[in-house]
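The values are calculated or read from the model by the stated rules, or taken from the named source; none is laboratory data. Predicted, not measured: the structure shown is a model, and the values here were computed from it. Methodologically, a virtual Cβ is constructed for each residue, glycine included, from the backbone with ideal geometry; neighbour enumeration extends over all protein chains shown. The accessibility values were calculated without ligands, DNA or RNA, using every heavy atom of the protein model including side chains. Shrake-Rupley method; radii C 1.70, N 1.55, O 1.52, S 1.80 Å.
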Amino acid sequence: MTSFDTRFFVIGGGSGGVRAARIAAGLGASVTIAENFRYGGTCVIRGCVPKKLLVYASHFSQDFADAAGFGWTVAPATFSWPKLIAAKDAEIARLSAMYEKNLRASGVTVLQGAARVLDAHTVEVNGQHYRAEHILVATGGQPFLPAIAGIEHAISSNELFELPQLPRRVLIVGGGYIAVEFAGILNGLGSEVTLSYRAEQILRGFDDDLRVHLHDEMVKKGVRILLHSEVTQIERLSDGALQVGLRDAPNNGVRQEVFDTVLYATGRVPSTQGLGLLEAGVALDQSGGVRVDDFGHSNVPSIHAVGDVTNRIALTPVAIREGAALANSLFGPKPTAADLTTVPSAVFSQPPIGTVGLSEAQALATYGQIDIYRANFRAMRQTLAGGDERTLIKLVVDSASQRVLGAHMVGADAAEIIQGIAIALRMGATKADFDATVALHPTSAEEFVTLKEKTTRTRGD
């Protein structure tokens, strides 16, 4: 009979790996986990948690400006980037320690070091071999930087959290959620922000109305957005500044501009390099992601994967759900697949986005005919503040069944609001259900249950 040092070996101490480890231990399995950086993973250490803290910080400049309209006299405010980063670091250290403490309290053996898979049942950490009945790869993802001249002078979102000073002039390359979030953060904190994106509009994959609306609001707030724009090269000047070649795709002309920092936010790729997975026979996709089935199993029966390393839905709550489902499948009473049919998401841009379900284009491609309901308005806060920020709310409805297929919002508190809407969509709510719900007044959220005017679209129109 084969003997094992541990039943479950988890590689990666992020959200998915930690959840899987703790649930497996709670189900009676012996569990070992290894992390080569800090426990907590991307989300806690250099992702959604520190980013959200910086989002909060960046809002105060607008809050101070708005206060005058409500009768407040605010003395000229000053901002200290080093003080903010120190406070952020202290909170991240607290959270990381809590992750490790909770693992140990659950009975998990906690290791610090880089892990490598040697075969279907063997993992090496710090020169020591561990035999495991099951191995989970939960190593997440990492920023992707393209191979252009001078790319070594650029930083990713990882390094931005550690900058000693707030840069005055920043170029952000990319148009996804990370790019637009950091554009809002840095703009709100006082940097001059330019965003360069090679495609026709920011936030590819989101509903088109949301993309256009956020673009316009960001520009109003002072973010300079260059579409159809590509970086050709980055050069360090003698004074330390960065000279960047920017190609305008429509006319193919290249001009030079100077920035203090160039931040690349051009997507993330699965962190599978150096893990020994290919050598162990594990199938990977073209981006290096582990190929898994709905239960998180790879083609090697004893090796599994959850979270961003699978190159599917790169969201922390998804990794947590997948990790929990896998642990229950391996050590619980029956196989369990994570239900990811209705996954809400948020972009903490300024203003923020909350979305769940299908975009208009996705719904039109799947259903023969859809009804679109929209509201575009200036929220109550803006009236006394004197602001011109506008809120967009949108519902996508199947014309035949009247089931709500998608709900989308750009505006204050969008993420908080869309969480509740997601419950309704998962339960199969119809437009009549929304209409029958009493509005909560005065709020922006009430628009979701008061939408009346519709536009009907048919595939092929």
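For the chain, what is the convex hull (Cα atoms) projected area averaged across all directions, in square nanometres?
Working: hull surface 104.4 nm².
Across all orientations, the chain yields a mean hull projection of 26.1 nm².
State the Cα centre-to-centre distance between the range 158-217 and the range 271-303 in whole Å.
33 Å
Can you work out the FRET efficiency for the pair Ser238 and Ala365, with r the C-beta to C-beta distance and R0 = 56 Å, to the nearest 0.05?
With R0 = 56 Å, the Cβ-Cβ based efficiency is 0.60.
By how many nm would the segment from Ala149 to Arg291 grow when fully extended, if each residue of separation counts as 0.36 nm and the alpha-carbon distance is taken off?
Numbers: separation 142, 0.36 × 142 = 51.12 nm, distance 3.27 nm.
Fully extending the segment from Ala149 to Arg291 adds 47.8 nm.
Calculated FRET efficiency, Phe70 and Arg168, Cβ-Cβ r, R0 45 Å, to nearest 0.05?
Details: r = 31 Å, r/R0 = 0.69.
With a Förster radius of 45 Å, E is 0.90.
Past 18 Å, Cα to Cα: identify those pairs from Lys101/Lys334; Lys52/Lys220; Lys51/Lys83; Lys52/Lys88, in the order given.
Values: Lys101/Lys334 29 Å; Lys52/Lys220 22 Å; Lys51/Lys83 15 Å; Lys52/Lys88 10 Å.
Lys101/Lys334; Lys52/Lys220, as the Cα separations exceed 18 Å there.
Looking at the chain, what % of its DSSP beta bridges pair antiparallel, to the nearest 5?
Numbers: 55 of 85 bridges.
Bridges in the chain that DSSP calls antiparallel: roughly 65 percent.
Could you quote the convex hull projected area for the range 166-315, Cα atoms only and averaged over all directions, in nm²? If you can, show how the numbers build up before the last one.
Values: hull surface 47.3 nm².
Result: 11.8 nm².
For the range 266-283, just list the computed ³J(HN,Hα) in residue order, Karplus coefficients 6.51, -1.76 and 1.60, θ = phi - 60°, integers in Hz, with x standing in for Gly and Pro.
My calculation for the range 266-283 gives 10, x, 10, 10, x, 8, 10, 5, x, 8, x, 5, 4, 5, 7, x, 7, 7 Hz in order.
Any chance you could get the radius of gyration and Dmax over the Cα atoms of the range 332-438, in Å?
Computed over the Cα atoms of the range 332-438, radius of gyration and Dmax are 15.8, 59 Å.
Taking the Cα centroid of the range 438-461 and of the range 355-434, what is the distance between the two, rounded to the nearest whole Å?
About 7 Å separates the Cα centre of the range 438-461 from the one of the range 355-434.
Given a Förster distance of 35 angstrom, what is the FRET efficiency for Ala90 paired with Ala337, based on the Cβ-Cβ distance and rounded to 0.05? Mind showing how you got there, number by number?
Working: r = 39 Å, r/R0 = 1.11.
Once the sixth-power term is evaluated, E becomes 0.35.
Per residue of the range 106-114, in order, report the coupling 6.51 cos²θ - 1.76 cosθ + 1.60 (Karplus, θ = phi - 60°) as ³J(HN,Hα) in whole Hz, putting x for Gly and Pro.
Once rounded to whole Hz, the list reads 7, x, 8, 7, 9, 10, 10, x, 7.
If Lys and Arg each add +1 and Asp and Glu each add -1, what is the summed charge of the other residues whose beta carbon sits under 12 Å from the beta carbon of Thr341?
Values: positive: Arg321, Arg426; negative: Asp294, Asp339.
Computed value for this residue: 0.
Could you work out what % of the accessible surface of the range 268-407 is carbon and sulfur, using a 1.4 angstrom probe and leaving DNA, RNA and ligands out of the count?
Working: 3110 of 5920 Å².
Carbon and sulfur together cover 52 percent of it.
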